[in-house]
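Reviewing the structure listed below.
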Amino acid sequence: MANTKIKWISHAGFQITSGTGKVVYIDPWFDNPLSSMKLDEVKEAALVLVTHDHFDHVGQAAEIVHKTGGLLVANVETARRLQDDAKIPAEKVCYFGYGMNIGGSLLYEGISVTMTQAFHSTATGAPCGYIVRLEDGTTIYHAGDTGIFGTMKTFGELYRIDVAMLPVGSVFTMDPVQAARAAKMIAPKKVIPMHFKTFPILVQDLSEFIDLTGKEAPDVEVVTLEPGGEYIYSK
Ligand SMILES: [Zn+2]
């Protein structure tokens, strides 16, 4: 039985460590009011995933790629911008520098990454989410910044998601009402709420999301983390 370690950096940022010790970062943004993690703590990375080109999601992705030699995964145009602006060499960007796009998958060091749509805005390309399948089959869906959409149900059916990270903070993304319904549609084993509290305009606490998910999706366990907190998922 392999254990997957999921650390919430805060906001939409996660550090995922697979059972074999491979490290995947998603939207690693350390320079935010809630983050306790610093770039110094980053030692290694196999993959660095960026959901869209906004400062609170690109974060320190380029620095992590430079520091660790991990592979950057991003939409085609975002991948191009980061190569140009952050001087990331093409071989450190997925698909030989091209980046990828919605519906596409990548297999790298035994980890599969599928890019999904997200309904949001972005400075380059199109916003996305990711479905990450680790070596032991543990499947994680990070929705990115998005409103609710019906295809989330299909993702649940197609990929059998173990852990879903869903934004719940409203204003820029789903609010607790939509996120609880999304949890019902995706039907993961666990849901980790994200993208709340970071800014004063966002939803500040999880009480409404927990309450609504209990009603909408009683089989889905809500895992609440503090920034910097870790959750161990056993498949
Ligand atoms: Zn955001």
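As a test of understanding, state the convex hull volume per residue of the stretch 181-235 from its alpha carbons, in Å³.
It is 82 Å³ per residue.
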Just how large is the dipole of the chain about the Cα centre, in debye to the nearest 20, putting +1 at every Lys and Arg Cβ and -1 at every Asp and Glu Cβ? 420 debye
Relative contact order for the stretch 51-187: what percent, with Cα pairs under 8 Å and sequence separation of 6 or more? 18 percent
Based on the Cα coordinates of the stretch 125-187, what is the per residue volume of their convex hull in Å³? 81 Å³
As an exercise, take the mean of 1/r over every pair of distinct alpha carbons in the chain, invert it, and state the Kirkwood radius in angstroms. 17.3 Å
Two-decimal Rg/Rh of the stretch 38-128 from alpha-carbon positions, Kirkwood Rh? 0.93
Take the alpha carbon atoms of the stretch 2-73, find their center, do the same for the stretch 128-160, and report the distance between the two centers in whole angstrom. 18 Å
Scanning the chain for GluC sites (Glu not before Pro) in DSSP loops with at most 13 other Cβ atoms within 10 Å, what's the longest stretch left with none? 110-235
Extent along principal axes [Cα atoms of the stretch 67-111; Å; largest to smallest]: 27, 23, 13
Write down, largest first, the equivalent ellipsoid semi-axes of the stretch 70-209 in whole Å, where each equals the square root of 5 times an eigenvalue of the alpha-carbon gyration tensor. 26, 19, 12
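Here, each number is a calculation from the coordinates, and none is a lab measurement. Note that this is a predicted model, so its numbers are computed, not measured. Every residue, glycine among them, receives a Cβ derived from its backbone with ideal geometry; neighbour counts consider all protein chains shown.
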